[in-house]
Amino acid sequence: MENLIALLIAAPLLGAAVLLVGGRRLDAVGHWIGTLLAAASFVVGLVLFAGLLGRGTEDRTLTQHLFSWIPVAGFQADVTFRLDQLSMTFVLLITGVGSLIHLYSVGYMEHDERRRRFFGYLNLFLAAMLLLVLADNYLLLYVGWEGVGLASYLLIGFWQHKPSAATAAKKAFLVNRVGDMGLSIAIMLMFTTFGTFAFGPVLGHVGDTSEGRLTAIGLMLLLAACGKSAQVPLQSWLGDAMEGPTPVSALIHAATMVTAGVYLIVRSGALFNAAPDAQLAVTVVGAVTLLFGAIVGCAKDDIKKALAGSTMSQIGYMVLAAGLGPVGYVFAIMHLVTHGFFKAGLFLGAGSVMHAMNDEVDMRKYGGLRKYMPVTFVTFGLGYLAIIGFPGLSGFFSKDKIIEAAFAKGGTEGWILGGAALLGAAITAFYMTRVMLMTFFGEERWRNRPTPSPAEPSVEPAAEERGEHAEPHPHESPKVMTIPMIVLAVGSVFGGAFFSLGDRFLHWLEPVTGHQEGHPPVSAWTVTAATLVCLVLGAGLAWAQYGRRPVPAVAPRGSLLTRAARRDLLQDDFNHVVLVRGGEHLTRTLVYLDHSLVDGVVNGTAASVGGLSGRLRRLQNGFARSYAVSMFGGAAVLVAATLLMRAV
Amino acid sequence: MTAQHLAAYSTSTGEAVQFWILATVAVLGALGTVFLKRAVHSALCLAGTMIVLAVFYLANGAYFLGIVQIVVYTGAIMMLFLFVVMLVGVTAADSLKETIKGQRWLALLCGLGFGVLLLGGIGNASLKEFDGLAQANAGGNVEGLASLLFTRYVFAFEVTGALLITAAVGAMVLTHRERTERARTQRELAEQRIREGTYIPPLPAPGVYARHNAVDIAALLPDGTPSELSVSKTLRRRGQIRDVSREALNDLRALEQRAVERLERKAIEPPHFKRAGFKRADFKRAEEASK
Amino acid sequence: MSFPLLTATAALPAVGAIATAAVPAARRTAAKWLALLFSLATLALAVTVAIRFDPGGARYQLTESHAWIKDFGVRYELGVDGIAVALIALTAVLIPFIVLAGWHDADPLETGNRRWRPTQGFFALILAVEAMVILSFEATDVFLFYIFFEAMLIPMYFLIGGFGDRAHAHGEETASTQRSYAAVKFLLYNLVGGLIMLAAVIGLYVVAGNFSLQEIAQARADGSLHMATGTERWLFLGFFFAFAVKAPLWPLHTWLPNAMGEATAPVAVLITAVVDKVGTFAMLRFCLQLFPGASKWATPVILVLALISILYGALLAVGQRDIKRLVAYASISHFGFIIMGIFAMTSQGQSGATLYMVNHGISTAALMLVAGFLISRRGSRLIADYGGVQKVAPVLAGTFLIGGLATLSLPGLAPFVSEFLVLVGTFTRHPAIGVVATFGIVLAALYTLVLYQRTMTGPVKPEVAAMPDLRVREVAVVAPLIVLLVFLGVYPKPVADIVNPAVQQTLSDVHKKDPRPEVEAAK
Amino acid sequence: MNPVNYLYLAALLFTIGATGVLVRRNAIVVFMCIELMLNACNLAFVAFSRMHGNLDGQIIAFFTMVVAAAEVVVGLAIIVSLFRTRHSASVDDASLMKL
């Protein structure tokens, strides 16, 4: 059965190769090849899952050694896959949601002439992501890690002719590279510490080394996670990444790739457990990001960017949970999975809305759409209820556990973290209700629109072709798009309950991540009640602001916080001023110095030699008599020298 | 003791007197060679020095060389020099004005330094003992030379012969101008001149329009400028044209001056003579236009 | 005596050079095919060398030795170790692509010029460079090495100075001035390096009494040849200076951007991917083996210079406006990695550096040749003159992106393996330097992606709207390189297996052992 | 009188000749000065011949004369042809040997 693992990756990889190398001949069937291979991978995943279930709880780790990759003295990197419960969970999430989104894209990208390539990139992403979660050592994980970065780069910049998309793609890759630097340093540290970087030996010998080293490794891994999972301070790329086609946002920037950081931390759980300082840093990053993302999400009028802020915030929850140690690992993953369902569903819903609204993304130009696109409304609504943690739906189970675990941290830290998580829940309810109300309720602000809004550039390129000035005619999306949304909505509704009842998910994952029951200072019911109160408060506030009053079509100036939040809390401006501008000045100075100083010394030497020979050349005036004088003088000197030698 | 023997190892008073007198002559001749303006004078001075040296050779027992010096050097080579000097132009006096900056001072400095060093060097060397040539010249100077020349130095001798031949051929190659085509007849030349049309009429005769009847004086054109065409090419190249174009005007001016002085009256202001406005080129152009 | 395989490998391109040069003026195309044929035959011989080479066998294999200049003990001594085999293979692999990529670079400007001979010259010079480079990889006699090390400057000089981009933004006259400036700069820089090396070579002879690398290294190892510390250091510096110019190491790098900018793309590849490798190769073979003590003495300074090269080259690449100069500065950054790997004195570092030489050759060739195809279409080297090429020439843009991704060491492509090995190798001994060098990977992403974004994406500029996509010949150049990049990225083991034993021996020459990990976890 | 005086004289003449070569511009005069130098050498050779009591010095002087003759022949031919083309016998006019 181990031999099937490689097949998981091989199927989408084959798809990517065929679609990208195949050329125009495959334009007609390319999308179906891509979807089929993604689905094939999912089927293989199901077979493996069934196989794992058939084994004993402690015997559910399969490894497949393919070949020796980089063998240099003590440095032995192998291409080995490891399938355990944690990877299995991810495999199913990735291939499952991935297949659905492939299917959705068939409809969504129907009019794009480069659809074949889009599916090639999607398949490439699946392969890289599967490699990431199936790798048996950190270096191979690194390959997948950068591979998904590449796929993300290609997909964000899929509409390359738009400078904004190209810039966003570049930014995403660069910011991710900073995180990757952390991962590579972590691997180097592991190598110097343990002499290897395979999961087994590294995590098994954590106890043999000093806590300082482990903290260093942990912090570097955290840096990597921050990059990939858009956590503060490397979160700035995620908002811009929404330039990509919506299915990409759903799959990569909501459901799977951005959660890789959480995977990394949970996978390295043993290491973090032994390095409490690193763990604390993880929780702090998670808590800060969950608030940061939530605040940003409240201020955005662009539906995708609002959802991106939400993604950031939800991943903040997961990171927070992962930072709590064995108390939180399982819940982090559980939230990751449920989030995969409902966030992907929300994004697909948003895509459906945009599809209907001539690719308008500004929610202030939506309104009252529930009548026109019922399926989208229902699925989106279920996703909404799931994310805010409506009792009984997925988000309720997973998020509640995280908040409990945060309180269970104990001491002041516990109160602060738990408080932040609670506050986050309230803000989540607020901004999600805001999105819901602005999109599906209220008056139909898209009617009789005189001019297109200059504020937000439209995302989809087809907008100009289809004529943006025309009044949109909202309509339900085709079946190929609604079916994935329905499936995901079902997952959002029942996933949490299915996992939580009888602690199914806990028992499934525990052998890998370990688990430890948290004991919050207050009872679990109190926490749940507090969460629900926050939820009601947040949703009520949103209703008060956006439900009862008409939404202005042009955004009001807003408070200082709102304005800052619209600009991603000024983090981008900071980056721009310090890194971009500073970097520009630095390179310009260096270019100048290279020319004037380094090259100048060389050219100066050459010039001085040239000048000297120019002077000397004047002696060569062409007059034979002049040369004769030098000869004669030379002879005189020779005579003098001879005489002197004799005298001495 | 023969004179031969005497010359070999010691110097008689006669030789001393001869040396001091002739050495002075030689040095003067050498200085003359260097510093006299005209090449002919230089050549004559050099010939004098060479003859003096010939005498010294004889006094030093090199009888063969002494004679060769007179016959070959002074007689042949110096005559060659004179010949070339004549060919190039006897009267062309060399300006002694230095054109290269610092050349003269450097040359004199180097010469002085070198001379002092050389003299000092000789003075330093212990050259008191003279073996004399009595023994070497015993069988006769010429015989002695010959026996050396055809034994020890025979190879050098042969090579020198080759060198001389090469030099002769070289001189021929350098100076000889191969005439590769038949010389053009006068008729052909005339036709060519007409065809080119640059200057058809015969060249003006020198001094024809002037009051000076001499070959080295350029004829004056109607505007008073000299026509260099009227002077022989050779003279022109040597720069030996006498320019008298201003003379008439000067004479006129002098005459008027005298008239003013004598008659104490104001001369009629002569019209300002504008040379610039009426150059030879213009004249030529007018000439062509009239054709 | 067995067949002199090494001599044959080097002689074949030399013969090819002569044969190509002798082709009559009117038969230009025949000359091109002849050159291609000879380069492919050389590749076949190089593959034979690689196959015949036994990684587990003696250090130097396929050796040949003949007396040459008896009075000075100069011998014609050839032999290859694993490092040399890898680099000979690289050279032999790249030359056919360079020939193919430069197929039209030396054509006459006006068609029908029957007396145009530079075409023959261009290909003959390329083959001549190949012969000399291969010989300098093979030579185990210091003097013999020196001769070819220097002699390859001559054909390179003519290749840089004589052949430039066809169309130039600033007009042909400026281009020609710039070109001769670049060629002279290249020549002078390398000559100065070579001169200093010559002094060191003579010094070595004075000290050691012969030129044989193996004998001297042996004598150094068993202590029978003692060098005073000062002498050894001076000799080391003499050798190292020449190699650092060739490599090039900051601050001796300024000739490279000029040379690569002005030369045609295939020649630029020849410079950076093939010729410059002799410098880094020689550091490994000569500096470390002959002067182990001095190498260790100089390590801190060299590592810092290499680190500066990495960051400096990358930062300058970001600031370039000219595509080819950008690639040149990127190469400087990569050479920094190679030198850092060599002087990290660990197996990972040196194996990584050797692999890096191979991989950098292939990746730069891919990137530069595609850039050359791009430039030949538009007639400008300025990045600002391009935009939106992706839309009109997707294959060109795609291959360019892959070349760029290889340059930024994306995992899965060959350069990643070597870059990571170098970083790990450095990190195990000098953690601080390793960490700072890691910034290089961020900067590499920056300059590559900025280049790609500005040239390939965005709205289509009117000047590039009619740009044709890659032709069959061009695809035939790029596709195999990309396949190689992917193959060596996924399965570098064959090359690593050849290189590793040689690296171990080099390490034992300098009496260095890999640092042990803190925890012997794997054992 | 000591015959060494001949050497002094030779040195003096040589120096004068050399200075002449440097100072004069007329190629013919320059040549004459060279002849003067050669003659000065010859005088020294003859004096040395007497000093050492053998005839080798005279042989050398003899060869010098032959070489001088050859040199004069070629040299004058050069001067003549130079004069033909440049209409000048000044050595400074033949100053094309510079950049």
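Summary of values
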read-out	value
Under the Karplus curve 6.51 cos²θ - 1.76 cosθ + 1.60, θ = phi - 60°, whole-Hz ³J(HN,Hα) for segment D:52-64, x wherever Gly or Pro sits	8, x, 9, 9, 4, x, 5, 4, 4, 4, 4, 4, 4
Global form of segment A:233-311, assessed from the alpha-carbon gyration tensor, a/c cut-off 1.5	oblate
Acute angle (nearest 10 degrees) that the helix C:5-22 long axis makes with the longest principal axis of chain C, alpha-carbon atoms	30
Mean separation of Cα contacts under 8 Å, 6 or more apart, over the residue count of chain C: relative contact order %	15
Nitroxide proxy distance, nm - points 7 Å out along Cα→Cβ at C:A8 and D:M1	8.7
Cβ-derived FRET efficiency at R0 51 Å, C:H511 paired with A:R588, nearest 0.05	0.65
Alpha-carbon centroid distance for the pair segment A:310-353 / segment C:178-212, whole angstrom	63
Shielding by partners - mean other protein chain Cβ count within 10 Å, residues of C:254-267	1
Fewest-first sequence of C:K513, C:K324, A:K305 by Cβ atoms within 10 Å of each Cβ	C:K513, C:K324, A:K305
Nearest-20 debye value, the protein assembly as shown charge dipole, Cβ charges on Lys, Arg, Asp, Glu	4380
Degrees separating the helix A:479-500 axis from the principal Cα axis of chain A, which is the longest one	80
Centre separation in Å (Cα based) which lies between segment C:48-126 and segment D:1-79	62
By average C-beta atoms within 10 angstrom, highest first, the peptides C:192-204, C:270-282	C:270-282, C:192-204
Amide hydrogen neighbours beyond the local backbone of A:V72, cut-off 5 Å, H modeled	A:A77
Shielding score for C:443-454, defined as the mean number of other chain Cβ atoms within 10 Å	5
Calculated FRET efficiency for the pair C:F72/A:L579, C-beta based, R₀ 45 Å, to 0.05	0.15
Packing-based order for A:432-438, B:134-140, using average beta carbon neighbours within 10 Å, highest first	A:432-438, B:134-140
0 to 90° range, to nearest 10: angle between helix A:524-542 axis and chain A longest Cα axis	80
HN-Hα J in Hz across segment C:255-264 - Karplus 6.51, -1.76, 1.60, θ = phi - 60°, x for Gly and Pro	6, 5, x, 5, 5, 6, x, 8, 6, 5
Above-threshold pairs, the threshold being 29 Å between Cα atoms, out of A:K170/C:K493; A:K305/A:K401; C:K32/C:K324; A:K162/A:K300	A:K170/C:K493
Number of partner chain Cβ atoms within 10 Å, mean per residue of B:35-43	4
Nearest-0.05 FRET efficiency for A:R24 and A:S164, computed from C-beta distance (R0 30 Å)	0.65
Restricting segment C:59-164 to GluC sites (Glu not before Pro) in coil, as DSSP defines it, with at most 15 other Cβ within 10 Å	C:E110
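Computed from the coordinates by the stated procedures, all read-outs in this text should not be read as laboratory data. Note that the structure is predicted; figures quoted are calculated from it, not measured. Positions of Cβ are generated from backbone atoms using ideal geometry, with glycine treated the same way; all protein chains shown enter the neighbour counts.
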